[in-house]
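Chemist: Below is the structure I would like to discuss, written out as structure tokens.
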Amino acid sequence: MPTISNIAATPRYVLLEGRDPIGPAVIPGLPESKCLAVYGFSGKSAYDRFAAHTDRELRPYPLMKGYLQKEAAAGGDELRLVVLDADGPGQQSIVAVTMNSAFLAQSNTSAQVAPEYQLTLDPQSTGYRLSESST
């Protein structure tokens with residue numbers, strides 16, 4: 001399993017396309033499992049870097065505690081993630097936290113959050129393979 005950084009900046013924004021947050025396609029570990037991920041960013045330089053690597057018309061929007069709390073509660077069996085400061089839509093490896101962890105970090109006004117998942121681009125598909133952090 002690849003090692004990942006044990007600390008990252010708390011996400012504060014998402015990128016919207018129209019009215020919807022965007023995120024990478026995640027290939028679940030089990031056929032019956034589901035995963036929803038959105039790209040989250042700690043600040044302007046992070047989402048500007050991402051936007052420079054895509055032709056899509058995207059705009060930043062605050063990652064509000066209400067959205068995170070609602071999404072985390074609505075999860076059911078679906079894993080709901082916030083990707084942390086991705087450099088672009090085709091980045092080989094990215095890290096993520098659960099929406100609940102992002103909500104707690106924002107609620108506690110924490111500047112940092114510990115990544116919980118590693119997502120690695122699968123060359124055979126258009127999605128990312130998910131693995132848990134070993135830290």
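The values are calculated or read from the model by the stated rules, or taken from the named source; none is laboratory data. Everything numeric here is computed off the predicted structure, so don't read it as measured data. Note: ideal-geometry Cβ built from the backbone for every residue, glycine included; neighbour counts use all protein chains shown. Calculation scope for accessible area: heavy atoms of the full protein, side chains included, ligands and nucleic acids excluded. Shrake-Rupley method; radii C 1.70, N 1.55, O 1.52, S 1.80 Å.
Chemist: Non-local amide H neighbours of Lys34 (under 5 Å, H modeled in plane, Pro and chain starts lacking H): which ones?
Modeler: Leu79
Chemist: I'd like the antiparallel share, as a percent to the nearest 5, of DSSP beta bridges with both residues in the chain. Write out the running numbers ahead of the final one.
Modeler: On the way: 22 of 31 bridges.
Percent antiparallel among DSSP bridges in the chain is about 70.
Chemist: On to the next question. Which whole-number percent is the relative contact order of the chain (Cα, under 8 Å, 6+ apart)?
Modeler: Numbers: 285 pairs, mean separation 43.9, N = 135.
It rounds to 33 percent for the chain.
Chemist: Sorted by accessible area with a 1.4 angstrom probe, largest first, how do Asp55, Asp20 fall?
Modeler: Working: Asp55 160, Asp20 100 Å².
Accessible-area ranking of Asp55, Asp20, largest first: Asp55, Asp20.
Chemist: Related question: Would you indicate which of (1) 14.8; (2) 18.4; (3) 16.7 is the value of Kirkwood radius over Cα pairs in Å derived from the coordinates of this structure?
Modeler: Recomputing Kirkwood radius over Cα pairs in Å here picks out (1).
Chemist: For the chain, what is the calculated [θ] at 222 nm in deg cm²/dmol (nearest 500), taking -39500 (n - 2.57) for each run of four or more DSSP H residues and dividing by its residue count? Can you show the working numbers first?
Modeler: Details: 3 runs with 26 residues, N = 135.
Result for the chain, helices only: -5500 deg cm²/dmol.
Chemist: Using modelled backbone amide H atoms (1.01 Å from N, in-plane), which distant-in-sequence or interchain residues come within less than 5 Å of Thr10's amide H?
Modeler: Gln112, Val113
Chemist: Measuring with a 1.4 Å probe in the full set of protein chains, what accessible area per residue, in whole Å², belongs to the chain?
Modeler: Working: 7400 Å² over 135 residues.
Result: 55 Å² of accessible area for each residue.
Chemist: Say the dipole of region 1-96 comes from +1 at the beta carbon of Lys and Arg and -1 at that of Asp and Glu; which of Gln92, Ala25, Leu58 then lies farthest toward its positive end?
Modeler: Checked the options; the winner is Leu58.
Chemist: Given a 1.4 angstrom probe, I'd like the percentage of the accessible area of the chain that is carbon and sulfur, rounded to a whole number. Walk me through the intermediate numbers first.
Modeler: Numbers: 3740 of 7400 Å².
Of all accessible area on the chain, carbon and sulfur atoms account for 51 percent.
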